[in-house]
Amino acid sequence: MKDYDVIIIGAGVSGCAIARELAKGKLRIAVLEAKSDVCEGTSKANSGIVHAGYDAVPGTLKAQLNVRGNEMMEELSKKLDFPFRRNGSLVLCFEEDAMSGLEELYQRGMENGVKELKLLSPEEVWAMEPAVSRDIVGALYAPTGGIVCPFGLNIALAENAAENGVEFYRDHKVTAIVEQRPVWTENPPAKEGRM
Ligand SMILES: Cc1cc2nc3c(=O)[nH]c(=O)nc-3n(C[C@H](O)[C@H](O)[C@H](O)COP(=O)(O)OP(=O)(O)OC[C@H]3O[C@@H](n4cnc5c(N)ncnc54)[C@H](O)[C@@H]3O)c2cc1C
């Protein structure tokens with residue numbers, strides 16, 4: 001394998017997003033993926049929800065990035081041409097005793113800077129979504145919540161990174177990383193993967 005300034009292990013959504021971002025500079029970058037293609041790990045098997053940001057603990061980096069990432073998704077989807085819809089999300093509550101939990105999520109969301117977050121009565125929910133159960137006692141509505149095609153997002157990030165010079169090695173599992181000053185290397189080097 002050639003020398004690179006940055007080697008990213010894993011071509012899931014995280015690895016491909018990092019590769020794409022770093023490719024904006026002048027670095028030589030490679031992504032090493034154990035499986036035969038990008039988006040073969042958790043990133044291919046999730047619910048595709050672009051969370052609004054009411055769940056993350058206030059003050060954490062996760063909370064900050066969740067809200068900012070949500071805001072960025074629409075523009076990114078247009079730029080990279082992957083399916084995304086800001087259809088909003090509802091957290092439904094079925095028991096009076098659990099309403100305090102819903103209020104806690106609302107407070108967290110407000111602290112995290114989630115826009116237009118609302119606590120809704122059952123009647124307000126049914127007016128929006130008539131098929132929702134008649135057993136609910138309240139709901140948290142986040143208009144900024146959305147859904148994305150997880151494969152579309154991951155593949156678009158990888159394609160854009162590749163267009164900008166990132167090299168992908170598939171079927172290339174990293175088994176060891178050894179410091180051999182002034183570089184780091186795989187030891188033993190993995191079999192050359194397919195680009
Ligand atoms: C059931 C479920 C539902 C979810 N729903 C949502 C949701 O709705 N919204 C949301 O935002 N998040 C959701 N998540 C979380 C989200 O899917 C993950 O946070 C995200 O996919 C993690 O991406 P990743 O790139 O870090 O990991 P992965 O997608 O797992 O990528 C890691 C990659 O690294 C490769 N790899 C591992 N070891 C090596 C090695 N030694 N050498 C080379 N390659 C290696 C793997 O093959 C894999 O391709 C959900 C998760 C689950 C499990």
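Just so it is clear, none of the values below were taken in a lab; they were calculated from the coordinates. Everything numeric here is computed off the predicted structure, so don't read it as measured data. A quick note on method: Cβ atoms are made from the backbone with ideal geometry, for glycine too, and the neighbour counts reach across all protein chains shown.
Can you tell me which residue in the stretch 152-161 is nearest to LYS44 (Cα to Cα), limited to those that are more than 11 Å from the ligand (Cβ to nearest atom) and out of contact with any strand residue (DSSP E or B) (no Cβ under 9 Å at 6 or more places or on another chain)? It comes out as ILE155.
Identify all residues within the stretch 18-45 that are outside any helix (DSSP H, G or I), within 19 Å of the chain's Cα centre (by Cα), aliphatic (A, V, I, L, M) and within 11 Å of the ligand (Cβ to nearest atom); write none if there are none. Residues satisfying the conditions are VAL31, VAL38, ALA45.
Within the stretch 46-60, how many residues turn out to be surrounded by fewer than 16 Cβ atoms within 10 Å (Cβ to Cβ), more than 6 Å from the ligand (Cβ to nearest atom) and of a type in the set (Gly, Ala, Ser)? Adding up the residues that qualify gives 1. Report yes if GLY109 is more than 28 Å from MET72 (Cβ to Cβ) and surrounded by 19 or more Cβ atoms within 10 Å (Cβ to Cβ), otherwise no. When the stated conditions are applied, GLY109 does not pass them. Here THR144, THR175, THR185 are screened, and the one residue that is surrounded by fewer than 17 Cβ atoms within 10 Å (Cβ to Cβ), among the β-branched types (Val, Ile, Thr) and outside any strand (DSSP E or B) is THR175. For the stretch 143-188, residues that are among the small types (Gly, Ala, Ser) and closer than 14 Å to GLU21 by Cα total 5. For the stretch 129-151, taking the residues that are aliphatic (A, V, I, L, M) and within 16 Å of ARG85 (Cβ to Cβ), the one that is farthest from the ligand (Cβ to nearest atom) is identified as ALA142. Of the residues making up the stretch 162-190, those that are within 13 Å of the ligand (Cβ to nearest atom) and within 28 Å of LEU80 (Cβ to Cβ) are PHE168, TYR169, ARG170, ASP171, HIS172, LYS173, VAL174.
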